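A.B. asks: Structure in structure tokens, see below.
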Amino acid sequence: MDLLLLVLVLTAVNAWQTRRLPVGAPAPDFTLRGLDGQPVRLSALRGQRVVLAFWAPWCGVCKAESSTLSWLQRLVGGSARVLSVAVAYENESDVRRFVREHAVDYPVLLDGDGKTRAYAVHQFPTTFFVSAEGRIEHAVTGYTPLPGMLWRLGW
């Protein structure tokens, strides 16, 4: 009974946290510069599933989830793309320090000017799972363990 209650509470909290996220809608397009200096346009990735993780360098939970995203990218290989979007940062050096300290090995995009506002991200980390057709299939706020990410990708 206690386990059932815990599952219900966690489900309710997740539903409340993601209440404003556009699940089922087309993923809003954007073009952002990556830390490598190259522009990345989300719509150019159509035909591939995309895991889109929004985070901030000061976020403790984001630090814990960064290694999970690395493992996810290694496991899914070419069947999906892991992209992260750094938001809510003071300067680019904060993002670069985070990437270096946490051995981030997936693409990091910079959104210091709100180009991804349409995603209504207010808490970190927030992760969207975008279908190959460009629709948001799942959205989750807070730490997501690797099995949860794989499940949302349909693995």
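Every number in this text was worked out from the coordinates using simple rules, so none of it is lab data. Note that the structure is predicted; figures quoted are calculated from it, not measured. Reconstructed Cβ throughout: ideal geometry from the backbone, glycine too, with neighbour counts over all protein chains shown.
A.B. asks: Would you kindly state how much longer the chain becomes between residue 41 and residue 3 on full extension, computed as 0.36 nm times their sequence separation minus their alpha carbon distance, in nm to one decimal?
C.D. replies: 9.4 nm
A.B. asks: Follow-up. Between residue 74 and residue 132, 0.36 nm times their residue separation minus their Cα-Cα distance comes to what?
C.D. replies: Value of the extension gain: 19.0 nm.
A.B. asks: Just to confirm the number: angle between the C-alpha axis of helix 60-76 and the first principal axis of the chain, 0 to 90 degrees, nearest 10?
C.D. replies: 80
A.B. asks: Please report, in whole Å³, the volume per residue of the convex hull around the C-alpha atoms of the range 2-152.
C.D. replies: Roughly 111 Å³ of hull volume per residue.
A.B. asks: Then there is this: Could you tell me how many degrees, from 0 to 90 and to the nearest 10, lie between the Cα long axis of helix 92-101 and the main elongation axis, the longest principal axis, of the Cα atoms of the chain?
C.D. replies: Between the helix axis and the principal axis of the chain, the angle is about 60 degrees.
A.B. asks: Compute the long axis of helix 2-17 from its Cα atoms, compare it with the longest principal axis of the Cα atoms of the chain, and write down the angle in degrees, 0 to 90, nearest 10.
C.D. replies: 40
A.B. asks: Take the chain, mark every one of the GluC sites (Glu not before Pro) that falls in a DSSP loop and has at most 13 other Cβ within 10 Å, then report the longest stretch left between them, sites excluded.
C.D. replies: With GluC sites (Glu not before Pro) excluded where exposed in loops, the chain gives 1-89 as its longest stretch.
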